[in-house]
């Protein structure tokens with residue numbers, strides 16, 4: 001009879017999950033007004049950007065533009081509702097996982113940007129205490145991408161179906177890089193397009209496109225990104241090598257297209273500030289259980305489906 005091992009442990013109840021948790025220090029206390037204000041501002045900026053997109057879409061496809069300000073702004077919700085749903089579910093996935101494990105964290109901060117093409121710089125939560133165990137780190141890290149991905153997929157298919165296949169002058173058209181998931185959706189919905197035709201993107205599909213871009217960037221296996229947490233949970237200290245490979249790949253992409261330069265510099269700055277080694281957990285050498293390893297493979301699948309080598313072709 002084989003001796004029992006300590007490689008797997010059941011998930012503890014939330015109230016006793018974090019050994020560093022204090023019973024006396026209040027947690028999950030937020031300046032609610034600030035989160036609401038940023039969210040409302042982000043709704044405004046993304047709706048205005050989305051309204052401009054829908055105005056152009058309606059003019060090109062339907063040859064009829066919104067006649068009133070109310071209809072103009074209402075058209076913007078196709079984009080803003082989609083992108084904010086994906087970003088919001090992503091961050092709520094992290095937040096609810098933190099609540100389950102009693103890891104102190106903030107509500108999501110949304111970042112408005114009164115400029116096209118997105119109207120937002122994304123969203124984030126701030127985790128305010130160490131994450132002690134590997135399974136907690138993994139669950140918190142992967143909860144966000146999965147939650148956002150589950151919203152991005154149906155909104156992408158609906159948005160592609162609401163788009164239009166029209167003749168587009170390739171010499172003047174502004175195109176976007178297409179992730180693999182986009183190609184799959186377009187093929188299933190529209191089939192093989194005739195020569196000279198392309199899909200004129202509905203704002204809802206464009207919002208899903210931004211959601212996929214955000215998902216793939218967060219899944220980069222570097223530093224404090226979601227992919228960095230997942231990589232460390234699976235590989236331990238070997239994840240430092242993966243981080244260097246990821247930065248090297250980003251540098252290579254920056255030579256292919258200038259759209260990668262800013263993100264590459266941010267990743268390099270992140271490694272410079274936080275170091276290339278992930279902060280350790282107490283059970284670094286205990287392997288993850290099989291279910292979490294399956295989810296780690298799914299994280300790679302999400303990254304492959306959402307990754308856009310050249311987001312904005314020049």
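The values are calculated or read from the model by the stated rules, or taken from the named source; none is laboratory data. Predicted model, so just to flag it, every value in this text is computed and none were measured. For neighbour counting, all protein chains shown are included, and Cβ atoms are generated from backbone atoms with ideal geometry for every residue, glycine included.
Could you grab me the full set of residues in the stretch 74-87 that are in contact (Cβ under 8 Å) with a residue 24 or more places away in the chain and closer than 20 Å to residue 55 by Cβ?
The answer is 75, 76, 77, 78, 79, 80, 81, 82, 83, 84.
So, in the stretch 88-146, of the ones that are assigned to a loop (DSSP other than H, G, I, E, B), more than 30 Å from residue 49 (Cβ to Cβ) and touching a strand residue (DSSP E or B) at 6+ places or on another chain (Cβ under 8 Å), which residue ends up modelled with the lowest pLDDT?
For the stretch 88-146, the residue satisfying everything is 128.
Considering only residues that are farther than 19 Å from residue 157 by Cβ and either assigned to a helix (DSSP H, G or I) or in contact with a strand residue (DSSP E or B) (Cβ under 6 Å, 6 or more places away or on another chain) (or both), which ones fall in the stretch 56-79?
56, 58, 59, 60, 69, 70, 71, 72, 73, 74, 75, 76, listed by residue number.
When you look at residue 297, is it at pLDDT 90 or above and closer than 17 Å to residue 220 by Cα, yes or no?
Spelling it out, residue 297 is indeed at pLDDT 90 or above and closer than 17 Å to residue 220 by Cα.
What is the one condition in (1) out of contact with any helix residue (DSSP H, G or I) (no Cβ under 9 Å at 6 or more places or on another chain); (2) within 27 Å of residue 92 (Cβ to Cβ) that residue 249 does not satisfy?
Result: residue 249 fails condition (2) only.
Given the condition more than 30 Å from residue 283 (Cβ to Cβ) and either crowded, with 18+ Cβ neighbours inside 10 Å or at pLDDT 85 or above (or both), answer yes or no: does some residue in the stretch 63-70 qualify?
Yes: one or more hits.
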